[in-house]
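Asker: One structure follows; several queries about it will come next.
No lab work stands behind these numbers, since they all come straight from the coordinates. Note that this is a predicted model, so its numbers are computed, not measured. Here Cβ is always computed from backbone atoms with ideal geometry, including for glycine, and neighbour counts include all displayed protein chains.
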Amino acid sequence: MSEIIKNFFKYRELIAALAWKNIVIRYKQAYLGILWAVLKPLMLLMMFVLVKSFVGIQTDGFPYPLLTFAALMPWVFFQESVSEGVNSVTSNAALIKKIYFPREVFPLTAMVTKLVELIVSFFILAIMMIYYKVIPTVHLLWLPLLVLYSMIVALTISFFGAAMNVYYRDIGQAVPIALSLMMYASPVIYPLSLVQKKLLIEQSSGVWSEKLYTLYTINPLVGIIDGFQHALIKGIEPDLATLYPGLIITLITLPFSYWFFKRAENWFADVI
Amino acid sequence: MAIIEVNNLTKEYQLGHLTSLKETCLNGLRRLTFQPVQERERFKALDNVNFHIEEGEVVGIIGHNGAGKSTLLKHLANISKPTKGHIIVRGSVAPLIEVGAGVNPELTGRENIFLNAAILGIPKKIIKQKLDEIIEFSELEEFIDTPVKRYSSGMQVKLGFSIATSMEADILIVDEVLAVGDLAFQRKCFDKMEDLIKRQGKTVLLVSHNIRQIQRLCHRVILMNQGKLEINGMPQSVCDIFYEQSDEKIATNMSGNKKIGISTSGEVNLENIFFTNAAGGRINYLQFNEDCAINFEINVKHEITDITAGFGFHTTDFLYLTTHNSEQQLSIPVLPTGKHILTCNINKLPILPGVYSIRFGITAGKSASTALYGENLKHLQILGKIPITIRDGFFALEASWSHAKIDTFSHEK
């Protein structure tokens, strides 16, 4: 863990240069430029608003577009970081064969690239908040921590996935499918309160309800998305009970994932 | 202490491990159910390689394709990890393994300089100071803000080379990069390399198929063969051995079809080439600075007229050294069918000891059309001792030195 931070710092210029390259070449010949980055959550938002108009969804008095956008931001960030991260090593095969630097630079770069796009979507959110006259509170300060947490989650999956993808390209194929399924296991389209109401209050699965809920919250995105909505829109502190199962799993998995990556790294240039 | 130590380095690759994406997908299901079989056929790309390189040395690595040269460099640059053995590198390494690996076609030249500098680990501060120097060296001032995809291929390598050589490292690892750009730029790259080597005293490892370049730049040459370090020694002797090996390889490649290398009109065939000494006895090797004769045994199938024969020495990499033809010396108005011998007598063979080859041709008729021509027809070794007055080259130059003092005083008057 400390080695990740150390290398992140040591190779910050390289990561910055590569991330900048990713962004520049992606949008260089596009009129809309970096706006494409926010177009994805915005389009999804419009879809969801459309669906919501004929499927009743409880929003506790907060504007649904705002809540959904606050959920889509971390989700899109996570999803894109992971899919970029998993493919980051294989797509830089030319560099890997020619020059050495710690290979974790690639997943880290993928994440930093997406972080820039996340920041852009914060501006969109700010405009929406002004429109809906929602005033952020002091709990906004939770946000950096939540972003850091989602970065760690994305990295945990990226390290393992990227290393595996070098050996078996199946991983690169499977990840988008897994991610699109994961969206339905996260409170993106529906609010978390709906799940809580079903499982915790109505106990709809009987004695298994509480356990099922814990299982649900093992998905780190549940806590993150709920936390984003709390800190940004609702102006209250994130629900720690929702956060910690995922956090524990992530912090246990990360060292293994990183260790696996570093072990596999030795053979990247031979196998890729 | 040696700046690079390579001890018992062995690298094995699994054959057939790199499957295509299609195969990977087809095998996907099988893979999910059991581990990939480890017992694949193994291939030793490097086999127990040992050598040391001292600081400031310039070492050339030569060998045929697939001898393990690039694999070796990859290990020194820490790109690949050894299967067995270990490598100690005491100092920073600038891997110029194929220039322009990080050049992105969408970015402009200037942007690429910054990107590549970051990839090579050059701090931004330093690259900003060196920017003008790099642009000037690359000769791309006009186009530096144009995307690289609009560059010609020569311009791309120029850019790549300029960035790569701006890196300050103790050890330079160079793989076939000097053959970039046009002749003028190649010259410039060569000068830059010499500057790095001679003036800045860098340790350099050079892989090239241009053996002359290696001979000129290196203090020591390592010859690799099938993953093994075959010879590690003085450039001249190692390169000569390599030339001989290459010749053998060419000879075996050609043995299947004897006609390769000889074009003939069908009127005449070359049967044999042999050497004789001044006494007329057959010899296998020629002696430097001694009289000898080269004999060409030909078989004339159809009568030919007005023939002129010519032969020449060339190096095994086809550098034509000298030729001699029979014009004005030998007049054969009609050459009847049957076997003949054409002999060229050489006085005091001036070619320095080494391995060479022979080309030979016959023209016939009033229009002097080619009846027979072939290159690399017979390899020969010239033996003898190089006189102390000549250090390198191909020819013995007959010359002498003298000395006189210029009297500046008398000049003014």
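Asker: Please give the helix A:105-131 orientation as an angle from the longest Cα principal axis of chain A, in degrees from 0 to 90, rounded to the nearest 10.
Answerer: 30
Asker: Something else about it: Using DSSP to call loops (not H, G, I, E or B), can you name the GluC sites (Glu not before Pro) in the range B:133-238 whose Cβ has at most 15 other Cβ atoms within 10 angstrom?
Answerer: Working: sites: B:133, B:136, B:139, B:141, B:142, B:168, B:176, B:194, B:230; in loops: B:139, B:168, B:176.
Filter output for the range B:133-238: B:168.
Asker: Sticking with this one: Over the range B:262-383, what is the relative contact order in percent, taking alpha-carbon pairs closer than 8 angstrom and at least six residues apart?
Answerer: Details: 308 pairs, mean separation 39.8, N = 122.
Across the range B:262-383, relative contact order equals 33 percent.
Asker: On a straight-distance basis, which lysines could pair with residue B:405 in a cross-link, Cα separation under 19 angstrom, same-chain partners fewer than 8 positions away excluded?
Answerer: Straight-line reach from residue B:405, under 19 Å: B:413.
Asker: By counting other Cβ atoms within 10 Å of each Cβ, how are A:75, A:20 ranked from fewest to most?
Answerer: Details: A:75 25, A:20 19.
Ascending Cβ contact count within 10 Å gives the list A:20, A:75.
Asker: What FRET efficiency do you get for residue B:152 and residue B:52 if R0 is 56 Å and r is their Cβ-Cβ distance, rounded to the nearest 0.05?
Answerer: Working: r = 42 Å, r/R0 = 0.75.
Between residue B:152 and residue B:52 the formula returns 0.85.
Asker: Please list the three semi-axes, largest first and in whole Å, of the ellipsoid equivalent to chain B, using sqrt of 5 times the eigenvalues of its alpha carbon gyration tensor. Please list the in-between numbers first.
Answerer: Working: eigenvalues 451, 208, 115 Å².
Its equivalent ellipsoid spans semi-axes of 47, 32, 24 Å.
Asker: Further question: Taking the Cα centre of the range A:13-127 as the origin and placing charges on Cβ (Lys, Arg +1; Asp, Glu -1), which of A:125, A:79, A:53 is farthest toward the positive end of the dipole?
Answerer: With unit charges placed on the Cβ atoms, the residue in question is A:79.
Asker: Using +1 at the C-beta of Lys and Arg and -1 at the C-beta of Asp and Glu, which of A:25, A:149, A:36 has the Cα lying farthest in the positive direction of the dipole of the range A:2-271?
Answerer: The one lying farthest along the dipole's positive direction is A:25.
Asker: Report D for chain A in µm² per second (integer): Stokes-Einstein, Kirkwood Rh on Cα pairs, 37 °C, 0.692 mPa s. Please list the in-between numbers first.
Answerer: Details: Rh = 19.7 Å.
For these conditions, the coefficient is 167 µm²/s.
Asker: Right, next: Taking each pair of distinct Cα atoms in the protein assembly as shown once, what is the resulting Kirkwood hydrodynamic radius in Å?
Answerer: Values: mean 1/r = 0.0320 Å⁻¹.
After inverting the mean inverse Cα-Cα distance, the result is 31.2 Å.
Asker: Oh, and also: At a Förster distance of 35 Å, what's the computed FRET efficiency of residue B:305 paired with residue B:183, Cβ-Cβ distance as r, to 0.05? Display every interim value, and only then the final one.
Answerer: Details: r = 43 Å, r/R0 = 1.23.
It comes to 0.20.
Asker: Still on this structure, I have one more. With +1 on each Lys and Arg Cβ and -1 on each Asp and Glu Cβ, and nothing else charged, work out how big the dipole of the range A:2-271 is about its Cα centre, in Debye to the nearest 20. Working shown, then result.
Answerer: Working: 20 positive and 15 negative charges, 123 e Å.
It works out to roughly 600 debye.
Asker: Treating the beta-carbon of each Lys and Arg as +1 and of each Asp and Glu as -1, no other charges, what is the dipole magnitude of the protein assembly as shown about its Cα centre, to the nearest 20 debye? Please list the in-between numbers first.
Answerer: Values: 64 positive and 61 negative charges, 268 e Å.
Its charge dipole is roughly 1280 debye.
Asker: Restricting to bridges with both residues inside the protein assembly as shown, how much of the DSSP beta-bridge set is antiparallel, in percent to the nearest 5? All intermediate terms of the calculation are to be shown ahead of the outcome.
Answerer: Values: 69 of 90 bridges.
Bridges in the protein assembly as shown are about 75 percent antiparallel.
Asker: OK, next. Quickly work out the residue A:267-to-residue A:209 label distance, labels modelled 7 Å from Cα along the C-beta direction, and quote it in nm with one decimal.
Answerer: The answer from the label model is 5.0 nm.
Asker: For chain B, take the longest principal axis of its alpha carbons; what is the angle in degrees between that and the long axis of helix B:183-194, to the nearest 10 within 0 to 90?
Answerer: Rounded to the nearest ten degrees, it is 70.
Asker: OK, next. Please tell me the relative contact order of chain A in percent, rounded to the nearest whole number, where contacts are Cα pairs under 8 Å and at least six residues apart.
Answerer: Details: 317 pairs, mean separation 70.7, N = 272.
It rounds to 26 percent for chain A.
Asker: Relative contact order for chain B: what is it in percent, counting Cα pairs under 8 Å that are at least 6 residues apart?
Answerer: On the way: 764 pairs, mean separation 56.5, N = 413.
It comes to 14 percent, rounded to a whole number.
Asker: Sticking with this structure for a sec: How far apart, in nm, are two points set 7 Å out from the Cα along the Cα-to-Cβ line at residue B:334 and at residue B:90?
Answerer: 8.1
Asker: At a Cα cut-off below 28 Å, give the lysines reachable from residue B:348, other chains included and same-chain residues fewer than 8 away excluded.
Answerer: Residue B:348 reaches B:378, B:385.
Asker: Find which of A:134, B:160, B:51 sits farthest along the positive direction of the dipole of the protein assembly as shown, computed with +1 on the beta-carbon of Lys and Arg, -1 on that of Asp and Glu, about the Cα centre.
Answerer: Among A:134, B:160, B:51, the one farthest towards the positive end of the dipole of the protein assembly as shown is A:134.
Asker: Where in the range A:102-153 are there trypsin sites (Lys or Arg not before Pro) that are in a DSSP coil and have at most 10 other Cβ atoms within 10 angstrom of their Cβ? Intermediate results must be reported in sequence, preceding the final value.
Answerer: Numbers: sites: A:103, A:114, A:133; in loops: A:103, A:133.
Of the trypsin sites (Lys or Arg not before Pro), the ones in loops of the range A:102-153 whose Cβ has at most 10 other Cβ atoms within 10 Å are A:133.
Asker: Leaving out same-chain residues fewer than 8 places away, which lysines sit with a Cα under 24 Å from that of residue B:74?
Answerer: In chain and number order, the partners are A:10, A:97, A:98, A:262, B:11, B:44, B:84, B:158, B:192, B:202, B:228.
Asker: To continue, here is another question. Treating only the Cα positions of the range A:1-153 as identical point scatterers, give the base-10 log of I(q)/I(0) from the Debye formula at each q in 0.12, 0.16 Å⁻¹.
Answerer: -0.61, -0.98
Asker: What does the helix-only formula give at 222 nm for the protein assembly as shown: each DSSP H stretch with n ≥ 4 adding -39500 (n - 2.57), the total divided by the residues, and the result rounded to the nearest 500 deg cm²/dmol?
Answerer: Details: 22 runs with 303 residues, N = 685.
The helix-only estimate for the protein assembly as shown comes to -14000 deg cm²/dmol at 222 nm.
Asker: Same structure again: Under a point-charge model restricted to the Cβ atoms of Lys and Arg (+1) and Asp and Glu (-1), what is the dipole moment magnitude of the range B:262-383 relative to its Cα centre, in debye to the nearest 20?
Answerer: Values: 7 positive and 10 negative charges, 20 e Å.
That gives a dipole near 100 debye.
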